[in-house]
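Read the structure below first, then the notes.
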Amino acid sequence: MAILLGSIADDYTGASDLANTLTKSGLRTIQTVGIPDAALDLPDVDAVVVALKIRSVTAADAVSAASQAYRWLEGHGAKHVMYKICSTFDSTDAGNIGPVTEALRNIAESGTVFVTPAFPETGRTVYFGHLFVNGQPLNESPLKDHPLNPMHDANLVRVMARQSQGTVGLVDLTTVAAGPAAVKARLDDLRVQGFTTAIADAIVERDLETLGDVAVEMGISTGASGLGLGLARALVKSGQVPLQTGTTDGAMRPVGGLAAIVAGSCSRATLEQLEVAERSMPVLRLDSEKLIAGSDEIAAALSWAGERISAGPVAIAASASPETVSWLQSRYGREASGHAIETATSTIAAELVARGVRRLVVAGGETSGAVVDRLAIPAFLIGPEIAPGVPVLRTVGNAQEDMLMALKSGNFGGKDFFATALTMMR
Ligand SMILES: Nc1ncnc2c1ncn2[C@@H]1O[C@H](COP(=O)(O)OP(=O)(O)O)[C@@H](O)[C@H]1O
Ligand SMILES: O=C(O)[C@@H](O)C(=O)COP(=O)(O)O
């Protein structure tokens, strides 16, 4: 299997978001969970998105995992590797966008690498280095309250500089609007001046097409799904990939079984989606403190689900308001409470699967990572889009029967996301 485009995604929902964009843009794409085992029979594809869970680990661990994934992708023919980060630039001053981008730049022996989280379809735009989320500066958006990486600065040149060793430049909108030649000239200029990375502005898809045209000729880039769109369109336009249509064959064959939702995202969109779901299906709100205290809350949740699930889908949520999250964190610590709740939600998901759930929606990036790891799923085929950034996924190569899943990024999806997803996953 020789691939054209490789990607290393820093979390699993982000990986399915990018795989969805590449598929929609005409590339046959598969999402693997980690570097695939040699024994895994992968279909012929144009693009492989290697999903890693490295957004909230130490920078050293993130660099090591991403470097190994880069070597695997390069060894399988990838001419360009995109490091997929969150469209809301989820990271801290310790990393991991800066350290991983710089490490990949060194391995690929690249010039100045551009970085853009722009994803206009979901309201993420970058203007003179400042990230806006649905028109609000990042630091005023719901991301200011993220449980693991609250974002307090919209100026990404500054944010990136705090987590980088090298200097960070800017490819501003005026340059991007002038087209690929102007962007290349600006990157050359930045390289000569010694900049290792540069935030690239983008407001509309056309800007991302320009950036894609430039990136496709470089070894690596860093960005969100919008950059994936630019890269995919550049590959199709150049004739390197014939335009394919639709989703992977067989991705949507019915799997039967029971259906459930497990939510660990505390993002505003997820909280609203759970409120709406309460009108049409049973929703259990877990007690966060009891979850941290021990297994009784898990057993109670499974018994609650057992009494209802044969009649239709159920939802189980650890999700809580910013006030509850910060109270819990002040008592148990940010990482410890996040980790304990991820362990609990993934245990609940695995037990539901053991009891016959074959259609599973998971809300939250870290939460999805914990669930997918717990279920030991090796890879996913990409099905149709439920909402921008969220496709239906079909498991590949796992021990259990095939499952249909959706891994929803916390902030993605409309208010009726859960009902829409379950309808598509019949
Ligand atoms: N009630 C809660 N209190 C504190 N942390 C929570 C609570 N519920 C979930 N979490 C944690 O919040 C984090 C949410 O992150 P994630 O799953 O990536 O969601 P998102 O996609 O919205 O960023 C996870 O670590 C999860 O375990
Ligand atoms: O780019 C994005 O916004 C998503 O693909 C993504 O990575 C979101 O992360 P989570 O909200 O943590 O799922």
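The values are calculated or read from the model by the stated rules, or taken from the named source; none is laboratory data. No experiment lies behind these values; they were computed from the predicted model shown. So basically every Cβ, Gly included, is an ideal-geometry build from the backbone, and we count neighbours across all protein chains shown. Side chains are part of the model used for accessible areas, which takes the heavy atoms of the whole protein and leaves out ligands, DNA and RNA. Shrake-Rupley method; radii C 1.70, N 1.55, O 1.52, S 1.80 Å.
Given the DSSP H assignment, sum -39500 (n - 2.57) over each helix run of at least 4 residues in the chain and divide by its residue total; what's the result at 222 nm in deg cm²/dmol, nearest 500?
Details: 15 runs with 171 residues, N = 426.
Calculated at 222 nm, the ellipticity per residue is -12500 deg cm²/dmol.
Please work out how much accessible surface residue 130 shows to a 1.4 Å probe, ignoring ligands, DNA and RNA, in Å² rounded to 10.
70 Å²
Kirkwood hydrodynamic radius (Cα pairs, Å) of the stretch 1-91? Kindly include the intermediate steps, with their values, before the conclusion.
Working: mean 1/r = 0.0769 Å⁻¹.
That comes to 13.0 Å for the stretch 1-91.
Based on alpha-carbon centroids, what's the gap between the stretch 1-72 and the stretch 245-320 in Å, whole number please?
Distance between centres, Cα-based: 26 Å.
Counting only C-alpha contacts under 8 Å and six or more residues apart, can you give the relative contact order of the chain as a whole percent?
On the way: 967 pairs, mean separation 82.5, N = 426.
That works out to 19 percent.
Would you mind working out the accessible area per residue for the stretch 5-238, using a 1.4 Å probe, and quoting it in Å²?
34 Å²
How would 272, 217, 109 rank on accessible area, largest to smallest, probe 1.4 Å? All intermediate terms of the calculation are to be shown ahead of the outcome.
Details: 272 70, 217 130, 109 160 Å².
Sorted descending by solvent-accessible area, the residues read 109, 217, 272.
Taking the full set of protein chains and a 1.4 angstrom probe, give the accessible area of residue 46 in square angstrom, rounded to the nearest 10.
Its accessible surface works out to 10 Å², give or take rounding.
When all protein chains stay in place, what accessible area (Å², nearest 10, 1.4 Å probe) is found for residue 355?
Number for this one is 130 Å².
Taking N as the number of residues in the stretch 56-212, what is its alpha-carbon radius of gyration divided by 2.2 N^0.38 Å?
Working: Rg = 15.1 Å, N = 157, 2.2 N^0.38 = 15.0 Å.
Ratio of Rg to 2.2 N^0.38 Å for the stretch 56-212: 1.00.
Name the residue, out of 223, 135, 212, whose mean-square fluctuation peaks in a Gaussian network model built on the chain with Cα pairs under 10 Å.
Residue with maximal mean-square fluctuation among 223, 135, 212: 135.
Of all the C-alpha pairs in the stretch 42-90, what % are more than 16 Å from each other?
Details: 528 of 1176 pairs.
The calculated P(r) of the stretch 42-90 puts 45 percent of pairs beyond 16 Å.
Under 5 Å between amide H atoms, partner at least 5 residues away or on a different chain: which partners does residue 51 have, H built in plane at 1.01 Å?
Residues meeting the criterion, in which the H sits 1.01 Å from N, are 9, 32, 33, 34.
Be a star and scan the stretch 209-230 for residues whose amide nitrogen sits under 13 Å from the point 7 Å along the Cα-to-Cβ vector of residue 237.
Only 209-217, 229-230 pass the distance filter.
For the chain, give the percent of accessible area contributed by carbon and sulfur heavy atoms, probe 1.4 Å, rounded to a whole number.
Working: 8060 of 15860 Å².
Using a 1.4 Å probe with all protein chains present, the chain comes out at 51 percent carbon and sulfur.
With 10 Å bins from zero, work out the P(r) of the stretch 258-424 over every alpha carbon pair and list the percent per bin.
Per 10 Å bin, starting at zero, the Cα-Cα P(r) for the stretch 258-424 comes out as 11, 43, 37, 9, 0 percent.
Based on the alpha-carbon set only, what is the convex hull volume of the chain divided per residue, in Å³? Let's see the in-between values first.
Numbers: hull volume 50.7 nm³, N = 426.
For the chain, the hull spanned by Cα atoms encloses 119 Å³ per residue.
Per residue, how many Å² of accessible area does the stretch 258-424 show with a 1.4 Å probe? If you can, show how the numbers build up before the last one.
Working: 6270 Å² over 167 residues.
Using a 1.4 Å probe on heavy atoms only, each residue of the stretch 258-424 averages 38 Å².
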